[in-house]
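Each value in this text was obtained by applying a stated rule to the coordinates, not by laboratory testing. From a predicted model like this one, the values you see are computed outputs, not experimental measurements. Every residue, glycine as well, gets a Cβ built from its backbone with ideal geometry; the counts of neighbours run over all protein chains shown.
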Amino acid sequence: MAEFTYTTLTEGRQISGSIAADSREAAIVALHQQNVKPLKVQEAKAKKGFSLGNIGRAKVKKRDLVIFTRELSTMVSAGVPLPRALSTLGDQAENKHFKEVIGAIDRDIAGGAPLADAMEKHPEVFSDVYVNMVRAGEAGGILDEILKRLATQVEKDETIRKKIHSAMAYPIVILTITVLAFFGIMIFILPKIAKIIKDLAGPNAQLPVYSRVLLQLSNFMQHYALFIIVAVAIVVWLFRRYIHTEKGRYRWHEFMLRAPILGPIVAKIAVARFSRTFASLMGSGVSVLEALEVTGKAVGNKVIQKELADIALQVKNGKSLGKELLEARFFPPIVGQMMIVGEETGKIDQILVKVADFYEEEVDVVIDSLASIIEPIMIIILGALVGVIAASVMGPIANLSKQIGTS
């Protein structure tokens, strides 16, 4: 199947787009089925090599998505027709790929498709949660209100993601510098120092055990540095490939939840995301079972997703959702208790929003404290590494100096 570009005339403006089809004739037929009358259809030329312009093409920033969602909500609330609103937002979009996506959605809607179905064709931009909430808003006639909730939810998720990246940036930089410095010292500096020591003490000199171990390690790294780099690259590639499989992703997410320091953070982020997403869906009129299915895909953890699927099965059999959450492994008791109260009062969405706020604050506190803990730990590790290398090198030199001084 090839990619074809086309140009059409809409309201006096030329609009470009692309469509996948087996042939040019099939592309024209498909466009006519969408009520699109193309002026020109031609096969897209494959781009060779690496181009800086392709960076970010298939990715839309969360900030762009938030602005789009809020502006679309405002325009829909003001009574602006959906096609005109999308056309306006597409014209002002700065991201080229996002502009194309909005244009494609606009054309689908002009062809009679619901907004949710049009958005569902672009999963790289609109998540399952986003699409299902839009679908619920269309069904309930409250699309503007749903879009406001979506914008808030996307902002909250992005804030948490930025905080995690910010907390991990310093440790990653320090760890990278430490590894590079260790390889540099072992491959380039230590062999020269070892030669000086052997020249002074002779080939039969008895060095301390830790010095001999370090020199042997340096000799191994000097001769097999390329092999080590290739081996590490292969291991990383195999690991990344494994965690992209269903089984591998599940095992990795299970490990993340059980990790000593990282586990509680991952669990709290998942609980906060579950609470806010489930509250938004319930407030949009989505059924409990459908909300559990969609929310499970949104929490970002396969283990918790499976747990929610098991809970949904129990709820389908007539069990209480709140009581099932009380018995869940990775959900704190407060979530189940609050859910029971929500079921009794009929205010699940309002109560779960408070739970989400609470756990998002908890995540902020934990991440801030984690950053303050990791910083000295990384400094200690770096200092210990430098200390071991210095002791292994300076010890024999000091002994040789004493021998030379007494002779």
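Numbers at a glance
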| item | result |
| --- | --- |
| Sequence-distant aspartates and glutamates (8 or more away, or on other chains) whose Cα lies within less than 14 Å of Lys297 | Asp128, Glu246, Glu307, Asp310 |
| HN-Hα J in Hz across segment 282-299 - Karplus 6.51, -1.76, 1.60, θ = phi - 60°, x for Gly and Pro | 5, x, 8, x, 6, 5, 4, 5, 5, 5, 5, 5, 5, 5, x, 6, 8, 6 |
| Least to most buried among Ser77, Ser284 (fewest other Cβ within 10 Å first) | Ser77, Ser284 |
| Relative contact order (percent, whole number), the chain, Cα cutoff 8 Å, 6+ residue spacing | 13 percent |
| For the chain, with +1 on Lys and Arg beta carbons and -1 on Asp and Glu, the positive-most of Ile172, Ile377, Ser392 along the dipole | Ser392 |
| Cβ-Cβ FRET estimate between Ile379 and Arg84, R0 fixed at 60 Å, reported to 0.05 | 0.55 |
| Those residues of segment 177-196 whose amide nitrogen sits under 17 Å from the label point placed on Leu226, 7 Å along Cα→Cβ | 187-188 |
| Surrounding net charge for Asn132, when Lys and Arg each add one and Asp and Glu each subtract one, Cβ distance under 10 Å | -2 |
| Assigned charges on the beta-carbon of Lys, Arg, Asp, Glu; segment 155-407 dipole about Cα centre (debye) | 1140 debye |
| Sparse-neighbour loop sites [GluC sites (Glu not before Pro); segment 96-201; at most 10 other C-beta within 10 Å; DSSP] | Glu124 |
| Gain in span if fully extended, Lys121 to Trp237, counting 0.36 nm per residue against the direct Cα distance | 38.8 nm |
| Entries in Lys247/Lys323; Lys37/Lys121; Lys61/Lys156; Lys316/Lys347; Lys268/Lys316 that, when Cα-Cα distance is taken, lie over 18 Å | Lys247/Lys323; Lys37/Lys121; Lys316/Lys347; Lys268/Lys316 |
| Gain upon complete extension [Phe188, Ser369; 0.36 nm per residue less C-alpha separation] | 61.4 nm |
| Proxy reagent accessibility, fewest Cβ within 10 Å first, across His165, His253 | His165, His253 |
| Cα lying deepest toward the dipole's positive end in segment 85-209, options Ile105, Gly184, Thr88, charges on Cβ | Gly184 |
| Shape call, segment 62-126: gyration tensor on alpha carbons, a/c limit 1.5 | rounded |
| Helix-derived mean residue ellipticity, 222 nm - over the chain, DSSP H n ≥ 4, -39500 (n - 2.57), to 500 | -25000 deg cm²/dmol |
| Structure-derived Cα Rg over 2.2 N^0.38 Å: which label, when the choices are (1) 1.37; (2) 0.98; (3) 1.04 | (1) |
| Contour excess over end-to-end distance, with Cα ends at Arg258 and Ala113 and 0.36 nm allotted per residue | 47.8 nm |
| Residue order, fewest to most beta carbons within 10 Å, for Glu254, Glu360 | Glu254, Glu360 |
